[in-house]
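Inspection log for the structure reproduced underneath, given as structure tokens.
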């Protein structure tokens, strides 16, 4: 949008107008677009500047509204192994981006049980040996690569 006498073009957010979304649903969609897949609790915690949700149930109600809308704007993802809650993702960028986000989502593994001190030392020694072997291999590969340019 360009106004007469303005030094820079002005931009207007029309997401609310296009889909006639109330502020709470717009906040959910905005957070999903900015941060990727989120749980209802994460959405509630991170949407404070856009809309203050009273409870997680309010967030879930807004998510259900966006899922039921035609065309759907949000999708409930399958529960990941080891995760306690369901994640939600926006559908504005298409299914391809959604599949990519799902593949690159990193879930932290459950912490291992503390090992005995002797086991821990031997485990660290093994990791150090593996790292030294990888470094030696990379050094050799780099030397071969460097020979191509000499």
Restricting to segment 72-81, and then to whatever is under 23 Å from residue 18 (Cβ atoms) and assigned to a loop (DSSP other than H, G, I, E, B), can you tell me which residue is farthest from the chain's Cα centre (by Cα)? 72
Listed by range, helices (runs of 4 or more DSSP H) wholly within segment 12-57 having at least 1 residues that are assigned by TED's automatic domain parsing to the domain that holds residue 68 and within 20 Å of residue 83 (Cβ to Cβ) are 23-35, 40-46
State whether the residues of segment 90-113 include one that is touching a strand residue (DSSP E or B) at 6+ places or on another chain (Cβ under 8 Å), at pLDDT 85 or above and closer than 30 Å to residue 31 by Cα. yes
I'd like to verify a number: residues in segment 58-71 that are assigned to a loop (DSSP other than H, G, I, E, B) and in contact (Cβ under 8 Å) with a residue 40 or more places away in the chain, how many? 1
What's the number of the only condition in (1) modelled with pLDDT of 95 or more; (2) in contact with a helix residue (DSSP H, G or I) (Cβ under 8 Å, 6 or more places away or on another chain) that residue 61 fails to meet? (2)
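The values are calculated or read from the model by the stated rules, or taken from the named source; none is laboratory data. Predicted model, so just to flag it, every value in this text is computed and none were measured. For neighbour counting, all protein chains shown are included, and Cβ atoms are generated from backbone atoms with ideal geometry for every residue, glycine included.
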